[in-house]
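In what follows, a single structure is set out as structure tokens and then discussed.
The values are calculated or read from the model by the stated rules, or taken from the named source; none is laboratory data. The structure displayed is predicted, hence computed values, not measured ones. Backbone-built Cβ (ideal geometry, glycine too); neighbour counts: all protein chains shown. SASA here: full protein model, heavy atoms, side chains in, ligands and nucleic acids out. Shrake-Rupley method; radii C 1.70, N 1.55, O 1.52, S 1.80 Å.
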Amino acid sequence: MRNFILGIVFFLSLQLSAQELSLWNLKYGITQKQAITQIAKERGLTDPVIINDTADSDNILIYYSDCPFAGEDAELVTLSFYKDQFYRAIIMLKPKESRLLTKYDSLVDDISTKYGKPDKKMYSFDYPFEEGDGYELSAIKSGKSNIASRWSIPNRMPTSTVAIVITDQAKIAVLYDYLKISDIVDVKEKNKNLKDL
């Protein structure tokens, strides 16, 4: 879990062009109703779970479980909306453990085909594990690995991000984030947390 949280924080600061980036052909900024309608029409997925943030009525989360994503069954696809604008998605995949690293590499290749070569890749293991020792899965499950990739397009004027990371639950998380909105949400959340101090 530590690697997953660090991965989210690390990768949400990376950039891709909003004009080029889309999840399931959903464009950033569309409304919740538009997203649900488009997903039902194009993907055949209906009746998402909708969660309203009771502490902040501006935040709405919708999610779909057990649905296809990039040739794999996604355990969960979450879409976040702020003031009824889509700005963030997290997809959790749980391939068979024997296919975890192969599926990760395949997704990196697929994302690279669409968005270009990742500007940074992390693939390391902490002691006592090392790459090629045959214990990579044990390293992953014990939180002793750092396996992630990021794409940054364009480099100068960031608008959105995409990242892929292997979590210590042997899952693959794919993260999309539209910075124009998520930066506002993050500042609002930080200010709310500071009030507690």
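Kindly provide the set of residues from segment 49-91 that are open to solvent by 30 Å² or more (accessible area, probe 1.4 Å) and assigned to a loop (DSSP other than H, G, I, E, B), ordered by number.
Passing the criteria: ASP53, THR54, ALA55, SER57, ASP58, ALA70, GLY71, LYS83, ASP84.
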Please specify each residue of segment 96-110 satisfying the condition of being over 17 Å from ALA139 (Cα atoms) and either outside any helix (DSSP H, G or I) or among the β-branched types (Val, Ile, Thr) (or both).
VAL108
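Going by the structure shown, is LEU45 open to solvent by 20 Å² or more (accessible area, probe 1.4 Å), modelled with pLDDT of 85 or more and assigned to a loop (DSSP other than H, G, I, E, B)? Before you say what the answer is, go through the steps one by one.
Numbers: open to solvent by 20 Å² or more (accessible area, probe 1.4 Å): yes; modelled with pLDDT of 85 or more: yes; assigned to a loop (DSSP other than H, G, I, E, B): yes.
Answer is yes for this residue.
Looking only at segment 111-126, filter to residues that are part of a strand (DSSP E or B) and without any contact (Cβ under 8 Å) to a residue 24 or more places away in the chain; which one of those is surrounded by the most Cβ atoms within 10 Å (Cβ to Cβ)?
Taking segment 111-126 first, the residues part of a strand (DSSP E or B) are 120-125.
Next cut, without any contact (Cβ under 8 Å) to a residue 24 or more places away in the chain only: 124-125.
Values: SER124: 13, PHE125: 19.
Once the filter is applied, the top-ranked residue is PHE125.
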